[in-house]
Amino acid sequence: LSDYTKLIELDPKTAKHYRSRAFVHCAKGDFEKQLSDYRKSVEVDPRDPRGCNGLAWVLATCPDPKLREGKEAITFATKACELTEWKVGFYLDTLAVAYAEAGQYDKAVEYQTKALVDPEFARAVSADEMSNARRRLEMFKNKQAWREP
């Protein structure tokens with residue numbers, strides 16, 4: 001955490017530093033700071049799909065209900081998809097969880113299905129993450145949102 005904070009002090013215009021520190025905040029269970037760093041990442045580089053995706057994921061799946069905001073998550077997940085021409089399964093997966101958080105389960109099922117059939121997504125994720133992605137699809141079909149543990 002201190003290393004990323006120092007990197008940000010030295011180079012505050014690099015979105016990756018904020019994304020990296022956000023990951024550390026998540027591991028420590030400090031979701032407010034995680035959300036803040038993802039917001040800063042998007043502010044620094046609004047055309048970085050990784051920052052948009054990270055922000056959307058937290059807004060859609062955060063264990064703290066005070067920090068979840070489905071409509072805003074849809075906005076940022078959609079932007080990540082647009083920036084990558086709708087070709088990245090990870091971002092389609094995030095869009096699905098965002099729609100589920102907003103209560104739009106039909107859209108969640110649609111995008112989760114698209115993520116699952118993306119061969120790059122299947123190759124890039126671990127067996128556990130693929131299992132979670134399939135579980136998300138079933139949850140969305142049952143009108144349930146996904147929460148990070």
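A few comments on the model shown:
- Counting only aspartates and glutamates at least 8 places from K16 when in the same chain, those with an alpha carbon closer than 17 Å to its own are D3, D37, E43, D45, D48.
- Between the residues F31, G89, H17, the greatest Cα displacement towards the positive end of the dipole of the chain, with unit charges on the Cβ of Lys, Arg, Asp and Glu, is found for F31.
- Rounded to whole Hz, the Karplus (6.51, -1.76, 1.60) HN-Hα couplings of region 48-59, x for glycine and proline: 8, x, 5, x, 4, 5, x, 4, 4, 4, 5, 4
- Cubic angstrom per residue, convex hull over Cα atoms of region 37-121: 79
- The Cα atoms of region 1-45 define a convex hull whose projected area, averaged across directions, is 2.5 nm².
- This model, with +1 at the C-beta of Lys and Arg and -1 at the C-beta of Asp and Glu, gives the chain a dipole about its Cα centre of some 120 debye.
- GNM flexibility winner over the chain from Q104, Q34, Q112 (Cα, springs under 10 Å): Q104
- HN-Hα J in Hz across region 69-84 - Karplus 6.51, -1.76, 1.60, θ = phi - 60°, x for Gly and Pro: 8, x, 5, 5, 4, 4, 4, 6, 5, 4, 4, 4, 5, 5, 5, 10
- On Cα atoms only, tilt of 89-101 relative to the major axis of the chain in degrees: 80
- Overall shape: oblate for region 74-133, with the ratio a/c of the largest to smallest alpha carbon gyration tensor axis at 1.5 or above and b/c at least equal to a/b.
- Residue with peak Gaussian network fluctuation, the chain [Cα springs, cutoff 10 Å], from L95, L116, L35: L116
- Ligands, DNA and RNA are left out, and with a 1.4 angstrom probe the accessible area of the chain is 54 Å² per residue.
- Kirkwood-type radius of the chain, with distances r between different C-alpha atoms, in Å: 15.3
- Highest-first arrangement of 96-102, 69-75, where packing means the average Cβ count within 10 Å: 96-102, 69-75
- Carbon and sulfur %, accessible surface of the chain computed with the full protein complex present, 1.4 Å: 51
- Residue order for F76, F140, F90 - accessible surface, 1.4 angstrom probe, largest first: F90, F76, F140
The values are calculated or read from the model by the stated rules, or taken from the named source; none is laboratory data. In this text, all values refer to a predicted model and were calculated from it rather than measured experimentally. Counting neighbours? That spans all protein chains shown, and the Cβs are built from the backbone with ideal geometry, glycine included. These accessible areas exclude ligands, DNA and RNA; they are computed on the full protein's heavy atoms, side chains included. Shrake-Rupley method; radii C 1.70, N 1.55, O 1.52, S 1.80 Å.
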